[in-house]
Each structure stands twice: as structure tokens, then as C-alpha cells.
Amino acid sequence: MDSASTVARRLSIASSAQFIRFLFVGAANTALSYAVYALGLFLGLSYQLASLVAIFVGIGVGFVAHGTFVFRQRLRGRLLLFLGLWALLYFANITLIGALSLSGIGPYIAGLVATVPITGLAYLLQKRIVFAEKVPHPWELVAGWLVAIVAVARLDLIMRHELNWDEFLNLSMVYSHARGELTEMLQTAFVHLLFWVPYVSPNEADQVIAARLLMLLFVIVSSAAIFGITKAFSGRFGALVAVLAWNGFTFSMLHGSALRTDTMSATAMLCAIWIALVRRPTIASAVSIGALTGVGAALTIKVMFYVPTLGALLLIRAIGTTDRARSLGFVLLSAAAGIGSFVAIVGLHSTTFPSVASPVAFVARTSGATMFSGDYSSLMHYLPVSIIRNVGFWLFTVAGIVGAGQLTRRSDTRRQGLELLCFALPLVAFGIYRDVFPYFFPFILAPVAVLAGFGAMRAASLMRAAGIALLAASAVTAYVQGQLHGNAHQRLVLAVIHRLFPNPVPYIDHTSMVASYPKQGLFMSVWGMTDYRRQARPIMKEILTRKQPKFILVTRHFLDVENIDPVASQRSRLGLFAEDVEVLKDSYIRYWGPIYLPGLRMHGRGVISVHIAGPYRLEVGTSIELSGRKFQRGEVVRLGTGNYPFRADDPALLRWAAPPPPTSSPPGRLFDGF
């Protein structure tokens, strides 16, 4: 009998030979497909039709050659698998080429680079699925194929979907920390993970996309944790459906890979839950659970919505064992490790700050504004939308909750039922948390997806098929929406700003979109504007005089000062005070689209106040007289802050001396919302 090492060596040789055959067949098939394509063009076919003929020839030859020569398996019953694989690889290939093209790589080089990972993926999937000795169950194949398609779609959306305002806000914290201006130590530890992002590109849009790619790695780990957790209850099929249900949820597709602390915190907590449920209760497990919980808490205080699920699972395990004292010690050790890791992370993080704001005040301010507020407006708007657009998810989830409840009626399955019901606890957040916006759903529904997988496993064939079809439909609608709301306009505006001001200058917007530049003024969120209105004190004149912001970027409608009525703004619950609007109107003039530059309008005789010092060019009017000195149209005058007597016989406009604005049409608005 051969030794184990001999058998392993033979298997390794066989696998290497198989891969060499795969490369040989792949190269030959690619050459043949290109020859057919070139022949079609020579015969007068359009490139679309020639490419289609070449694809069909490549599929036909590749299926036979890979099956009989490379993997040496029977071909019967495998054609549909091969076609499904081809469709997946085609989508993955064009997505990867598109992503590389967006980064500035030409299409020829991008296609060549994409060949490497696509070829490796093709080999692995053909070996393990299409031409495997034992083909997986059809339900598992369908769910797995959809998971792969959704994964590729999410990668494409990461590159193309509109960047949300809070992603720029989080990016700005990386810069604020580097400048020594960051003071809040809670929910900001993520800045250390993103120290490299500013080096990716000078354009903040590209930097956010790079950070999104890092977030995708967290999503992959979260998906693996969801798979592992669900598999313990529902087998491989249920686990695949759980991953599909979470990743294909419309708000997950659009916002689940965004640059937010929720994305990272969910990964830490899901891994902690997986360890608590699947691993043996050792000291290492307890410390790991606690450490991961501490990491999650350091990233966002919303981790409290996961803690009941984790705590309940640990208590059920403790109660269900004979050695309850040891199990209780496991729970206490996990809690101690969680507190210790949280304190250590936040403490080390705070040492990188020149000055630190009160964490108690931060918790009081944020929790007081978002917890038990009685404001259910966002919930009433977005929850119905999530149900209508994700019927499959909620159908399977309800079925899972009902099924778990049925398990609790029998003594032999009661523990399993109770453990499953623990994954419904995060849904309580909908009743107590105010900010139930679309980005909140991927975070809070990640554990709930376990119930969706369990519900799919228990469902009858017809309901199972309908549910999976609905899950796929949800992902498709989200993908289409993401394509309709791209980020090219945001990248363009940022590029224009960087051309105007190559070096960082102060500016005004509502949320730090030009993250590498120092934003001035208040954070104009609901919280920020509420505090601003409560203080009942205009602030813009002081900001302009002291900070000298060189432009306004209209990221919210109430900064579009040309179109804002001061009286209406004063009356608005979240608008700027009339005096602040007037100061901005008197100090800035639209340059292009959402960009305002310092500017002054004059007509007749009078005195004008200049709040922003710098070079101004006379762009409208034949001539003007300032403080007794006359300037002709096109001439640049450097003004300091202060009051200037003027005379302008015709309507005159002085605007910051900048290059001509772009000739392209400006975007209507920078953020379309959720």
C-alpha cells in the first residue's frame, strides 16, 4: 500500500498536469475565437455580430475540450453548468475591465490584466463545480450562482454608484486626524485603517472608491460569517440563501460596501457571534469574542444592537450545559475581554490626538438625539420601501421566525429554536432608533439573514423557488438603480475644484466633500442645523472674516445662495438665518454649477464690504472706481478685508480671479439622496 506522502505527491502531480492542460486548451480556444471574430469582420459582419459568433464557437469548443481533455469527465448534464459559468465569468470580466479602465488603465491593458484572475477563477470553478465528479445539489447551484453574480454586481456598484455625503465626511476625518484637528475619539478609530487612502489619488472620489474596496473585504468576511452561522442551522443551501438574501438586499447592494463604520463593526460582531455559536468554549474563544466585540464598539456605538443577540446566545449555551459555573465564567471572561479591548483601543487611539473632546458628552449628544426620540419619520418612509423591494428577504425571514418558534415547542429542538430567535433581536432597533436610513439596513439585517436562510431551507419547493426569484429581482432592481445614479459628476466637480485651488484652502459646504481641504463652519446635518438654530446666533460673517473660505460647494440646497430667499430660510426649521444668507449672497457669486467663488456686485455709488481678501477680476461692467482708483474690465485688483467706497456707472461684477469655468454642463446636484 502506498504511503500517505506518496498518494499526496501523485495527487499534486495530477493536479499540476490538469492545470497545464487547462492553460493549453484555454490558449487554443482563445486563438480560435479571435480567428472567427477576425474572419467575421473580414466578411463584412459588424463587430457585435462577429463577436457573438466567436463567443458561441468558443463556448462549443471549450465545453467539449475542457470536459473531455482537461477534466476528463462525462459531458452529459453539464452544459447548463458550463453556460452558467460562462455567463458569470463574462460579467466578472467586463466588470473588472471597467473597474481598471476607471482607474486610468487603457482597455487593451485592462483586458490583459483581467485575464489573469478570470482564468484562475475559471479553472477553480470548472474543476470544483462544472466538471467535478460529484455535482452539487441543483438548489445549491442556483443559490451559489446567484451569490457569485451579486458579488460581481456589488463590485461594479462600488466603482460606479454615487458617493454618499457621509462617505466624504468619514474620509475628511482621516485628513482631520492627520492635521491634528480631530477631537472626537469615539467612532473614529477607523482613521488608522485608512491612513493610506490619501495617496491613492488627489481626487476624493477616487479615494472613497478605494476605501470602498477595503469595505468590500469586510463584506466578504461578514458573508463568510453569515454562511458559517447559518450552516450550523440550515445546511449549505440555507447558508447560501442567507448570504444571497443579505448581499442582494437593495440597500445592501447600494450602501452595504460604503465607507462607513457600520460596515466594519458588523464584520467584527458577526465573527464574534460565529465563534460563540460554532467554536468550543475555550479561553481563547472567550477572549476572541470579547476582543471582536470591543473592536466593534470602538467603531460605532450602534454595536449595542448586536450585543443582545451575542449575549443571549452565550447565556443559552451556559444554561444548556451541565457545568454552568464554567459556562458562566466563559461569559464573564468574554465580557471582561470586550470591555478591556474597547478601553485599550479607544485609549491608544486618543493618544494620537492633541486634544480630546469629552466622550461622555458625545454619547449623551448622539444617543439623546437618536434613541427613543419618538421620531419615526425615516422608519415610516424606508421600512415600507424595503419590504416592497425585498419581498423575498422578508418572506423567508418570517418563515424562519415561524419555524424557529415551532422548534421551541419540542424539548429536543428547543435550544435550537431559541438560538435562532436570538437573530431576530436586532429588529427591535426599528422601534427605538431614529435614523433608520437605507445605510442602516445592511448593518442591522446581517444577523437577521440567518433566519432568512433557515426559512428558505424549510420552505416547500414552490415557495423556495418563488423566494429565490424574488431575491434575484431585488438585486437586479438595486443594480439598475445604482447604474442610473453614478459618481462621474462628483469626480468632475472635485477635479474642477482641485484645478482652481491646487493647494488646500478653507471652504464651506455641508459635509466636507472636499475632504482634503479644511471645511469651515458647522456640520450641516439635522443634528448640526438643530444645534445652530437652537443657539439663535448668526455665524457666517465671523467665519468669513476669520477663516477666509475661498469657495462654497453647494452640497445642500440651502447653500445655493443665489436661489435662497433669506426670509424663507429664516422661517425654515433647518435653514440658515437670514443674516447669514445675506452675508453669503453679498460675498460669493456662482462660478460653475455647484461652485461659488468670492465675488462682489456693484452699481451706482456706495460702500461695499469685503470679507474675503484676495485677487478679484472685473468681469462685468466697463469700469469701476474703488477708493478713488479706477479699474477697467478684465483688470485684476487685490483687495483686503474692509469697507471700500465705490462708483460703478454700469452694473459691475468683481469675481475671484480664476481661470474660465469648464465648458461642459454642470451637474444639477451632487447628491441624489438614498
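The values are calculated or read from the model by the stated rules, or taken from the named source; none is laboratory data. Quick caveat: nothing in here was measured; it's all calculated off a predicted structure. Cβ placement follows ideal geometry from the backbone for every residue including glycine, while neighbour counts extend to all protein chains displayed. Note: areas computed on protein heavy atoms with side chains; ligands, DNA, RNA excluded. Shrake-Rupley method; radii C 1.70, N 1.55, O 1.52, S 1.80 Å.
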Please tell me which of these pairs span more than 20 angstrom C-alpha to C-alpha: K585/K630; K550/K630; K231/K302; K519/K541; K519/K550; K302/K519? K585/K630; K550/K630; K231/K302; K302/K519
Suppose all protein chains stay in the model; what accessible area per residue would a 1.4 Å probe give for the stretch 234-309, in Å²? 25
Given a 1.4 angstrom probe, I'd like the percentage of the accessible area of the stretch 572-659 that is carbon and sulfur, rounded to a whole number. 46
Accessible surface, the stretch 546-604, averaged per residue in Å² (probe 1.4 Å): 41
Tell me, what ³J(HN,Hα) does each residue in the stretch 667-672 have, in order and in whole Hz, if you take phi through Karplus 6.51 cos²θ - 1.76 cosθ + 1.60 with θ = phi - 60° and put x for Gly and Pro? x, x, 8, 8, 10, 8
Compute the Rg to Rh ratio over the stretch 398-493 from the alpha carbon atoms, using the Kirkwood formula for Rh, and round to two decimal places. 1.12
Taking all protein chains together and a probe of 1.4 Å, list C271, C422 from the most accessible to the least accessible. C271, C422
Please list, in chain and number order, the residues 5+ apart from Y616 or on another chain whose amide H is under 5 Å from its amide H, with Hs placed from the backbone. V637, R638, L639, A657
What are the residues whose amide H is under 5 Å from the amide H of A357, where those residues sit 5 or more places off or on another chain and H is modelled from the backbone? E184, M185
Point-charge dipole on Cβ atoms (K/R +1, D/E -1) for the stretch 413-549, about Cα centre, debye to 20: 220
Distant-in-sequence amide H partners of Y588 (H built 1.01 Å from N, under 5 Å): G599
If you roll a 1.4 Å probe over the stretch 456-496 with all protein chains in place, what percent of the accessible area is carbon or sulfur? 76
Total formal charge among the other residues, if their Cβ is under 10 angstrom from that of P645, Lys/Arg +1 and Asp/Glu -1: +1
Among A568, I543, A465, the residue whose Cα sits farthest towards the positive end of the charge dipole of the stretch 442-578 (+1 at Cβ of Lys and Arg, -1 at Cβ of Asp and Glu, taken about the Cα centre) is I543
What is the sum of charges around A478, taking Lys and Arg as +1, Asp and Glu as -1, for the other residues whose C-beta is under 12 Å from the C-beta of A478? +1
Given charges at beta-carbon only (K, R positive; D, E negative), |dipole| of the stretch 538-602 in Debye: 180
Starting from the Cα coordinates of the stretch 320-444, work out the convex hull volume and express it per residue in Å³. 155
Once phi is turned into ³J(HN,Hα) by the Karplus curve 6.51 cos²θ - 1.76 cosθ + 1.60 with θ = phi - 60°, what whole-Hz value does each residue of the stretch 398-408 show in order, with x for glycine and proline? 4, 4, x, 5, 4, x, 5, x, 5, 5, 5
What accessible area per residue, rounded to a whole number of Å², is obtained for the stretch 478-542 using a probe radius of 1.4 Å? 42
Burial ranking of peptide ranges 441-449, 140-148, 502-510, 257-265 (average Cβ count within 10 Å, highest at the top): 441-449, 257-265, 140-148, 502-510
Quick one: net charge of E579's neighbours, Cβ under 10 Å, K/R +1, D/E -1? 0
How large is ³J(HN,Hα), in whole Hz, for each residue of the stretch 227-236 in order, when computed from phi with the Karplus curve 6.51 cos²θ - 1.76 cosθ + 1.60 and θ = phi - 60°, using x for Gly and Pro? 4, x, 5, 5, 4, 5, 9, 10, x, 5
